[in-house]
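I have placed the structure first, in the form of structure tokens, so that the comments after it can refer back to it.
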Amino acid sequence: GAVVSQHPSWVICKSGTSVKIECRSLDFQATTMFWYRQFPKQSLMLMATSNEGSKATYEQGVEKDKFLINHASLTLSTLTVTSAHPEDSSFYICSARLAGGNEQYFGPGTRLTVT
Amino acid sequence: AQSVTQPDIHITVSEGASLELRCNYSYGATPYLFWYVQSPGQGLQLLLKYFSGDTLVQGIKGFEAEFKRSQSSFNLRKPSVHWSDAAEYFCAVGRNQAGTALIFGKGTTLSVSS
């Protein structure tokens, strides 16, 4: 149980275009989802927290207009990287938390390469 | 602000030898502490967690960790390492009492030699 999927697993896009990454909780309802970014050989950095039905809370330094997060249902959150630049290339990981729970379940991640 | 320090960037252990990965945290109250493992191409897998109670926590794959409040540490141990344990290990602390967003350490890469 407690499986989280991400789609796509990897994506290549051209500079200036937008790309959407989906995060789904497959067998549970997640009132809260988190988006992390991981640079090569580095730690995971929290980008934003999204609660179902409300606006995401972004961490300091994360551009909310560039990284659009939507959590429209209890099983789906999306991250859209708008007007992507090569410096946005990274590994994006989502996690989901059960309502009232303290543990997060992580997706396998999405590798984004912007050319 | 909460923070997590993993002092060792890379550790090499012989197969069958014991392992200890260090983790120090900075947190004002009783922390929610986690150890995750990340293998290439795979997502983060929870090894174990500490919220309260017994300070020696047993996890999956034969791992254990000990919470030491006096040292602000939560070191991960395994008595006998297997080649399949080679991976990246992350220590994390919940950002608040509700255990919401996680603050991760920079990770320790474990290599296993034969």
Task: Close pairs (6 angstrom Cβ cut-off, 6 or more residues apart or separate chains): within 13 Å of A:Leu44 (Cβ to Cβ) and small (Gly, Ala, Ser) in the range B:30-43, modelled with pLDDT of 80 or more and not in a loop (DSSP other than H, G, I, E, B) anywhere - done: B:Gly43/A:Phe106
- [ ] Return yes when B:Ala86 is closer than 24 Å to A:Tyr36 by Cα and either over 15 Å from the mean Cα position of the chain (by Cα) or among the hydrophobic types (A, V, I, L, M, F, W, C) (or both) and no when it is not.
- [x] yes
Task: Tabulated pairs, the range A:87-99, first free of Cβ contacts under 8 Å to residues at least 40 places away in the same chain, second in a strand (DSSP E or B), C-beta under 7 angstrom, 6+ apart or interchain - done: A:Asp88/A:Val81; A:Asp88/A:Leu112; A:Asp88/A:Val114; A:Ser89/A:Leu112; A:Ser89/A:Thr113; A:Ser89/A:Val114
- [ ] Filter the range B:67-87 for residues that are surrounded by 14 or more Cβ atoms within 10 Å (Cβ to Cβ) and in contact (Cβ under 8 Å) with a residue 60 or more places away in the chain and give the result.
- [x] B:Lys78, B:Val81, B:Asp85
Open item on the list: Which residue is nearest to the chain's Cα centre (by Cα), if the candidates are limited to the range B:28-49 and must be under 16 Å from B:Arg95 (Cα atoms) and surrounded by fewer than 20 Cβ atoms within 10 Å (Cβ to Cβ)?
Closed with: B:Lys49
Task: Residue list for the range B:49-66, restricted to those being over 18 Å from B:Ser111 (Cα atoms) and touching a residue at least 24 places away in the same chain (Cβ under 8 Å) - done: B:Tyr50, B:Phe51, B:Gly59, B:Ala65
Open item on the list: Looking only at the range A:58-115, count every residue that is surrounded by 15 or more Cβ atoms within 10 Å (Cβ to Cβ), among the small types (Gly, Ala, Ser) and part of a strand (DSSP E or B) and tell me the total.
Closed with: 4
Task: Which listed residue, of B:Phe63, B:Phe90, is within 30 Å of A:Ser50 (Cβ to Cβ) and aromatic (Phe, Trp, Tyr) - done: B:Phe90
Task: Residues located in the range B:88-114, provided they are within 14 Å of chain A (Cβ to nearest Cβ), surrounded by fewer than 20 Cβ atoms within 10 Å (Cβ to Cβ) and of a type outside the set (Ser, Thr, Tyr) - done: B:Glu88, B:Arg95, B:Asn96, B:Gln97, B:Ala98, B:Lys106
- [ ] Taking B:Arg77 as meeting all but one of (1) in a strand (DSSP E or B); (2) farther than 26 Å from B:Ser113 by Cβ; (3) charged (D, E, K, R); (4) away from chain A (no Cβ under 14 Å), write down the number of the exception.
- [x] (2)
Task: Check on A:Gly61, more than 11 Å from the chain's Cα centre (by Cα), more than 10 Å from chain B (Cβ to nearest Cβ) and farther than 24 Å from A:Pro86 by Cβ - done: no
Open item on the list: List the strands (runs of 3 or more DSSP E) inside the range A:1-47, counting only whole elements, that have at least 3 residues being of a type in the set (S, T, N, Q) and either free of Cβ contacts under 8 Å to residues at least 12 places away in the same chain or within 13 Å of chain B (Cβ to nearest Cβ) (or both).
Closed with: A:30-38
Task: Filter result for the condition that a residue is surrounded by 14 or more Cβ atoms within 10 Å (Cβ to Cβ), within 20 Å of A:Pro86 (Cα to Cα) and at pLDDT below 95, over A:Ser43, A:Ser50, A:Ser25, A:Ser5 - done: A:Ser43
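The values are calculated or read from the model by the stated rules, or taken from the named source; none is laboratory data. Remember, it's a predicted structure, so these values are computed and weren't measured experimentally. No Cβ is skipped: glycine too gets one built from the backbone with ideal geometry, and neighbour counts run over all protein chains shown.
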